[in-house]
Amino acid sequence: MNEVHLLQVLRENPCAREALFWVRTEDDAVRCNLCERRCVISPGNYGFCRTRVNVGGRLFTLEYGNISSISANPIEKKPLFHFYPGTKALTIGSYSCNFTCPWCQNWEISKTEPSMRGCNFMSAESFVRKAEVLGCRGTSISFNEPTLMLEYALDVFRYAHERGLYNTFVTNGYMSEEALRMLIENGLDAVNVDMKGCEDSVRVYCGADVEKIWRNIRIARDVHVEVTTLLIQGVNDDENCLRDIANRIKKEAGENTPWHITRYYPAYNALECLSAEAAGPTPVEIMEKAWRIGKEAGLNYVYLGNIPGHRYENTYCHACGEMLIRRYVFDVIRNYIKEGKCPKCGAEIPVVDNII
């Protein structure tokens, strides 16, 4: 397809917009600075994530309002346990990813690239209005990597704040520093960062530099941040790795940062790419060992996920051990916190519910 034809195709696609965060290099190539891959893209070609295309020395996104999935989810599903507990966020996803995880739980969309010729478009205003109609307290961009929808997210965030709604991201944390700061400046209120593992596993399985993710977790302290680790045998269940993750959470984000340790179930290409240990769900005893490591490291709030009914999906007071929020999977059964404090000992509980 020649340049003139490509531009005509993009003009007819409502989800195609000129992208943010790029610079021209040489011979009409561009460097995309949206994420830490910093792809250099020659004319007519795509970046690693296949959502951004260089046409005539200009970078275009195919993800603006390109909706693959939409649902009103409990905020606990993100998971965000210390941010407006018991509320719902209208959640959307698009297509593709900038990671290569062979165990991807949402591979149907994260391993699918957007079409240049058309899309399922929803305006930012329509998305926010739908959230209001459905009785949601806020918005969330999730399912696949939300960084790829940055241009759309900025418009959603501004409009949602005008309507009194909160904004959240569920991300692998590999956006560039400048992109993250722009998201925060324009209305990102809370983020859950998926810490896939330690240095080696993140490099081998995700094709990424884990230190860039830790840097972004540190920056995300400007808003509300929680961290999730999908616990996979043979990938990130080594005791030294788990201690490293727990210690880094405490160092970079603080001891009150919730750490969600989520039970893995095989998906996508996991059986072909991982060790035999990962052929089945992560054993509960390994999950509980990880929970103990998190507590030993000094984290006040460690949770186990994907084990319905487990006692560690509840919130307990870090000072006296009193149960504060009783949950079952993603449902809040009872919230005992009174005016931000433990009703038994009076300790301040770091749960956000009044920022908007």
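Every read-out reported here was derived from the displayed coordinates using simple, explicitly stated rules and does not represent laboratory data. No experiment lies behind these values; they were computed from the predicted model shown. Note that we place each Cβ from the backbone using ideal geometry, even for glycine, and neighbour counts take in every protein chain shown.
The charge dipole of region 278-353, taken about its Cα centre with unit charges on the Cβ of Lys, Arg, Asp and Glu (plus for the first two, minus for the last two), comes to roughly 160 debye.
Electrostatic tally near Cys97: other residues with Cβ closer than 14 Å to its Cβ, Lys and Arg +1, Asp and Glu -1, net -1. With only Cα atoms counted, the chain has Rg and Dmax values of 20.5, 70 Å.
Taking amide hydrogens as placed 1.01 Å from N in the peptide plane, the amide H of Thr262 sits under 5 Å from those of Thr229, Leu230, Leu231, Gly305, each at least 5 positions away in sequence or on another chain. Principal semi-axes of the equivalent ellipsoid, √(5λ) from the alpha carbon gyration tensor of region 237-298, are 25, 12, 10 Å from largest down.
All other residues whose Cβ lies under 9 angstrom from that of Lys212 are scored, Lys and Arg at +1 and Asp and Glu at -1, for a net of -3. By DSSP, the beta bridges lying fully in the chain are antiparallel in about 50 percent of cases. Relative intensity of region 57-164 on a log10 scale, I(q)/I(0) at q = 0.10, 0.13 Å⁻¹, equals -0.29, -0.49, per a Debye sum over C-alpha point scatterers of equal strength in the absence of solvent. Amide H contacts under 5 Å for Asn167: Thr139, Asp189, Ala190, restricted to partners 5 or more places along the chain or on a different chain, H placed in the peptide plane at 1.01 Å from N.
In a reduced charge model with +1 at each Lys and Arg Cβ and -1 at each Asp and Glu Cβ, the chain shows a dipole moment near 700 debye about its Cα centre. Projecting the Cα atoms of Gly280, Thr112, Tyr312 onto the dipole axis of region 69-335, where Lys and Arg carry +1 and Asp and Glu carry -1 at the beta carbon, places Tyr312 farthest toward the positive end.
For Arg17, the residues whose amide H sits under 5 Å from its own are Thr61, Glu63, Tyr64, ignoring neighbours fewer than 5 places away on the same chain, with H placed 1.01 Å from N.
The value obtained for region 209-323, namely the Cα convex hull volume divided by the number of residues, is 116 Å³ per residue.
Under the combined filter of DSSP loop state and at most 15 neighbouring Cβ atoms within 10 Å, region 1-99 retains these trypsin sites (Lys or Arg not before Pro): Arg38.
For the chain, the longest principal axis of the alpha carbon atoms and the long axis of helix 124-133 meet at an angle near 30°. For region 296-305, 3J(HN,Hα) computed residue by residue from phi via the Karplus equation (6.51, -1.76, 1.60; θ = phi - 60°) reads 4, 6, x, 7, 7, 9, 10, 10, 10, x Hz, glycine and proline entered as x. The Cα-based radius of gyration and maximum Cα-Cα distance (Dmax) for region 3-61 are 10.5, 31 Å.
The Cβ shell under 12 Å around Ala72 holds other residues with a net charge of +3, Lys and Arg each +1, Asp and Glu each -1.
Think of each Lys and Arg Cβ as +1 and each Asp and Glu Cβ as -1; about the Cα centre, that makes the dipole of region 3-61 roughly 240 debye. Exposure proxy for His161, His260: other Cβ atoms within 10 Å of each Cβ, ordered fewest to most, give His161, His260.
Using θ = phi - 60° in the Karplus curve 6.51 cos²θ - 1.76 cosθ + 1.60, the 3J(HN,Hα) couplings for region 159-169 round to 5, 4, 5, 4, 9, x, 9, 8, 10, 9, 10 Hz; x is entered for Gly and Pro.
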